[in-house]
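Notes to accompany the following structure.
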Amino acid sequence: MTRRKLAILVGIVIAVGAMALIFWPTSEVDDHAGEDDHAQEEAATEIPEGVITLSEEQISEAGIQLASVRSGAAVELVFPATVAASPTASARIDARASGVVRSVGKTLGDYVARGETIARIESADAAALASQVSAARARVSELSAAYERERRLFEENVTARQDLEAARANLSVARSELQRAQAAVAAAGVSGDGRSLAVTSPLAGRITAAPIVLGAFVDAGEELYRVVDPNGLQIEVALPSAEASRIQPGDEAVLVVGDGREIGARVRSVTPSLDPESRSATAVLSLSRGVPGLQPGAFLQARIRPSGEIDRDRIAVPEDAIQVVEGRDVVFVRTKTGFQARDVELGTRSAGRVTILSGLQEGWQIAVANAFLLKAELGKEGATHGH
């Protein structure tokens, strides 16, 4: 056999061997093929996650109400805002007369009642008011005696009626002067010894400023305290000129405080003209309720909803439709066999509705009232959780 024939024969043997290795079935390949078929069968029979199977009758008995997803969410304009005390809920308490501060009953942060005495000032005005009362009282005593004398003489036909009438008139004037002096003393809170005047609060609230100093001399009109009623706060919002005309009294608003809390409010008034320096109008918002911890001067974020303005590119659903499942916000979408829990991304909340940024499509039917029952159903044994 020549070398050429030997080389050809060896080549044929190698080629045949290679083909046999390629096409020869192995147990390993068969095993994997079996596993793939089994996985496909399981996938075909697996129940989608988050599905709750309920009949129409069960849905009706549970009182679960449905609503269609519709585009159109209320427009919200966001502005910076400041907490302020309303004119009827704040008071500056000044010294009524010059004098020396002899007692201080309240200090910064204390609660005061309406009409409560919170300090006393020793003043010459107190002595003057007390002396006026004394003088007026003495005058009344004197004229009362004169009137009684004239009355007896008139009854004895000794004096004329006009003398009796004159005595009566003089007594009436003296009594009026006494009442005026007593009213002045009461209004000034003159002490029993006639030496000091009372400093009282005209409203109930908390003291937010107290520059008063014990023993210091103060002039009439000098500020001693500031008092604010925390239940009488209002919110002031600066509106740019371009947005001012869109805000009207009665528009709903939401206030976001520093800790993330949301507070309902409503536009009470809007200034009819712009501030010449800031070129902005001011909207005054009234709070729906008192807010503990809210202080005048604090900064907030105000979201105002202009009445009648709708954003057709966004979706809003009732708050009752939103449920939290395993830390995720979900909405239960109606299916042919029940409901499917769908993850959603939430936007702003206002007036009982929540803006949906993603996760829902217009036209879907969702559970609204009693949607929490579907959340409870997911928690039962055998229910599946998912998107």
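The values are calculated or read from the model by the stated rules, or taken from the named source; none is laboratory data. Being a predicted model, the structure only gives us computed values, none of them experimental. Backbone-built Cβ (ideal geometry, glycine too); neighbour counts: all protein chains shown. Please note that ligands, DNA and RNA were not included when accessible areas were found on the heavy atoms of the full protein model with its side chains. Shrake-Rupley method; radii C 1.70, N 1.55, O 1.52, S 1.80 Å.
Quick notes on this structure:
- Filtered by the rule that a residue be farther than 24 Å from residue 197 by Cβ and surrounded by fewer than 16 Cβ atoms within 10 Å (Cβ to Cβ), segment 128-145 gives 141, 142, 144, 145.
- Within segment 41-66, tally of residues that are in a helix (DSSP H, G or I), at pLDDT 70 or above and either touching a Phe, Trp or Tyr at 6+ places or on another chain (Cβ under 9 Å) or outside the structural domain of residue 358 (by the TED database) (or both): 1
- When restricted to residues that are outside any helix (DSSP H, G or I) and of a type in the set (Val, Ile, Thr), segment 139-181 contains 2.
- Boolean, residue 238 is in the same structural domain as residue 94 (by the TED database) and at pLDDT 85 or above: no
- Residue within segment 104-126 that is farther than 24 Å from residue 197 by Cα and open to solvent by 20 Å² or more (accessible area, probe 1.4 Å) present: no
- Scanning segment 286-304 for residues that are open to solvent by less than 70 Å² (accessible area, probe 1.4 Å) and over 25 Å from residue 207 (Cβ atoms) yields 302, 303, 304.
- Subset of segment 67-97 (residues that are in a loop (DSSP other than H, G, I, E, B), open to solvent by 40 Å² or more (accessible area, probe 1.4 Å), in contact with a strand residue (DSSP E or B) (Cβ under 7 Å, 6 or more places away or on another chain) and more than 23 Å from residue 254 (Cβ to Cβ)): 96
- Residue list for segment 248-283, restricted to those being among the polar types (S, T, N, Q) and assigned to a strand (DSSP E or B): 269, 280, 282
- Here residue 240 meets the list (1) in contact (Cβ under 8 Å) with a residue 40 or more places away in the chain; (2) surrounded by 14 or more Cβ atoms within 10 Å (Cβ to Cβ) almost entirely, failing just condition (2).
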